[in-house]
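Student: The following block contains the structure, expressed as structure tokens.
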Amino acid sequence: MNPEQMRALLQDITERAIAFRAGRGEAPARPLHTYAEARAAFEAALPEHGAPPEQVIAELAALAEPGLANMVGPRFFGWVIGATEPAGMAADWLTSVWGQNTGNAHATPASSACEEIAGRWLLDLLDLPRQSSVGFVTGATIANFTCLAAARGEVLRRVGWDVEADGLFGAPPVHVVLGEEAHSTVFSGLRYLGLGAKRVISVPVNEQGVMQRGAFAHAIEKLDGPIIAIAQAGHINSGAFDPFEEIAAAAQAKGAWLHVDGAFGLWARACPERSHLGRGLERADSWGVDGHKWLQTPHDSGYAIVRDAEAHRRAMLIAASYLPEGKERHPADYAPELSRRARGFATWAMIKALGRDGVADLVGRHCEQARRMAERLAGEPGIEVMNDVVLNQVAVRLGADMDGAAADALTDRTIARIQRDGVCFVGGANWRGRQIIRISVISANTTTADIDRSAEAILNAWRAERHANT
Ligand SMILES: *Cc1c(COP(=O)(O)O)cnc(C)c1O
């Protein structure tokens with residue numbers, strides 16, 4: 001490709017990008033295509049012959065755009081999804097342009113160094129022990145997995161077992177203790193590590209989904225041998241935090257490794273008005289957190305943070321004869337991947353673009369907006385906000401005055417209607433035995449007006465479905 005062709009290609013995608021982003025404010029929040037329609041659009045036999053890139057891109061955009069959710073729009077409250085903000089998005093473009101395979105510091109000095117500094121900034125922002133190591137991974141799923149791998153290695157090393165060399169066959173049993181409502185991906189991590197998703201000790205939770213007072217200490221009191229404890233900063237439905245002060249104290253007393261799944265909630269520590277929620281979690285041994293949620297980086301971006309950098313490195317080290325070593329920090333030694341994209345650039349760019357005060361404002365604003373949303377909805381007959389809105393999540397129960405099954409069906413129909421209307425996007429979940437609407441306020445683009453408009457759309461859908469029901 002000559003420079004003129006390159007210019008034409010990049011100008012073409014630039015124009016497409018501008019048009020796409022400019023239209024997000026008023027575009028429907030849901031995808032226009034269903035999965036079946038999207039699949040039909042892409043359905044084609046393997047191309048026998050190549051095609052010019054600009055033609056490929058034009059076709060890709062035409063096929064994909066109707067099936068895209070408006071996840072970067074201002075009224076997308078589904079799951080917990082950041083908005084891929086401009087500085088991170090642009091850094092991510094350059095990341096692809098530069099094409100750095102970011103495994104080794106000598107092979108790609110700039111992307112490795114950028115990652116190291118961005119990692120230090122993260123520790124500062126989240127106020128975690130500054131000696132911790134930071135692995136740049138795809139998201140909190142793999143961040144949790146990576147941290148738990150370090151935990152598994154270290155708790156077994158302390159009892160004289162080298163799991164990295166000898167595996168788990170014949171190893172002393174490891175107790176895993178976690179809250180009854182730990183995130184599903186934590187169980188995936190346990191599965192990948194041979195620790196078993198079901199071989200866990202579940203600590204009972206309260207109505208916010210966090211461990212009951214004293215319950216964790218009670219659960220580990222009588223345990224013997226290596227223990228891995230897993231707590232949560234930011235429950236997926238309520239946004240609530242486990243009681244870290246007492247959990248950390250009890251874990252420490254038993255010599256347990258304490259890991260914190262803080263995919264989005266850990267960011268509360270970057271906001272002075274919310275940092276009290278996570279008080280005590282700095283005493284843990286490891287933390288999994290996302291960039292692509294509250295920091296608004298592009299997908300995929302998560303961070304595995306481990307207090308004991310050596311334990312982290314022992315678990316993830318990739319030694320290959322063809323890779324230069326030396327004393328530098330090699331990115332591949334802290335993530336379960338060798339060849340990968342230079343994720344540090346987008347993180348660096350987002351932190352630089354927001355600054356400490358920008359991150360604090362963003363988190364603070366979302367928490368206030370979530371509260372506003374909850375207040376708007378809670379005034380309506382038949383609607384109940386189930387959680388204390390301490391963070392950015394709102395769990396809404398519809399038909400509070402109705403029989404459970406009927407209310408669940410009505411909730412599902414209301415969610416479908418909200419999605420169809422397209423003003424905003426909310427998802428459902430099952431919590432405490434009931435279908436709920438889960439609203440996550442986490443897009444950098446959401447304004448107060450978007451909250452009011454979305455609350456109105458949700459109320460209208462609820463009134464229409466309730467009316468249709470009677
Ligand atoms: C989102 C989330 C995860 C999983 O993170 P991914 O980035 O999707 O891999 C884990 N735990 C909690 C609490 C989450 O909110």
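Student: Just checking, which of 455, 449, 409 is farther than 30 Å from residue 358 by Cα and either modelled with pLDDT under 95 or assigned to a helix (DSSP H, G or I) (or both)?
Tutor: So the residue among 455, 449, 409 that is farther than 30 Å from residue 358 by Cα and either modelled with pLDDT under 95 or assigned to a helix (DSSP H, G or I) (or both) is 409.
Student: Also, I was wondering about something else. Filter region 115-159 for residues that are more than 16 Å from the ligand (Cβ to nearest atom) and among the β-branched types (Val, Ile, Thr); which is surrounded by the most Cβ atoms within 10 Å (Cβ to Cβ)?
Tutor: That would be 155.
Student: Give the residue, chosen from 356, 313, that is among the basic types (Lys, Arg) and over 26 Å from residue 268 (Cβ atoms).
Tutor: The match here is 313.
Student: Identify all residues within region 160-198 that are within 24 Å of residue 250 (Cα to Cα), in contact (Cβ under 8 Å) with a residue 12 or more places away in the chain and open to solvent by 60 Å² or more (accessible area, probe 1.4 Å); write none if there are none.
Tutor: 173, 180
Student: Something else about it: Between 268, 217, 240, which is surrounded by 22 or more Cβ atoms within 10 Å (Cβ to Cβ), aliphatic (A, V, I, L, M) and over 17 Å from residue 129 (Cα atoms)?
Tutor: Answer to the selection: 240.
Student: Answer with yes or no whether residue 292 is crowded, with 17+ Cβ neighbours inside 10 Å and either over 22 Å from residue 270 (Cβ atoms) or more than 16 Å from the ligand (Cβ to nearest atom) (or both).
Tutor: No.
Let's see how each residue does on (1) within 16 Å of the ligand (Cβ to nearest atom); (2) among the small types (Gly, Ala, Ser); (3) closer than 22 Å to residue 138 by Cα:
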residue: 272; (1), (2), (3): no, no, no
residue: 287; (1), (2), (3): yes, no, yes
residue: 331; (1), (2), (3): no, no, yes
residue: 341; (1), (2), (3): yes, no, yes
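Student: Taking the conditions exactly as written (closer than 29 Å to residue 297 by Cβ and within 28 Å of the chain's Cα centre (by Cα)), does residue 155 satisfy them or not?
Tutor: no
Student: Just to confirm my filter: which helices (runs of 4 or more DSSP H) fall fully inside region 30-122 and include at least 2 residues that are under 12 Å from residue 345 (Cα atoms)?
Tutor: Counting at least 2 such residues, we get 86-98.
Student: I'd like the residue in region 239-250 that is in contact with a strand residue (DSSP E or B) (Cβ under 6 Å, 6 or more places away or on another chain) and assigned to a loop (DSSP other than H, G, I, E, B) and, out of all such residues, is farthest from residue 201 (Cα to Cα).
Tutor: 239
The values are calculated or read from the model by the stated rules, or taken from the named source; none is laboratory data. Every value quoted in this text rests on a predicted model; they were computed, and no experiment measured them. In this analysis, Cβ positions are derived from the backbone assuming ideal geometry, glycine residues included, and neighbour counts consider all displayed protein chains. Quick note on the areas: whole protein, heavy atoms, side chains included, nothing else; ligands and nucleic acids left out. Shrake-Rupley method; radii C 1.70, N 1.55, O 1.52, S 1.80 Å.
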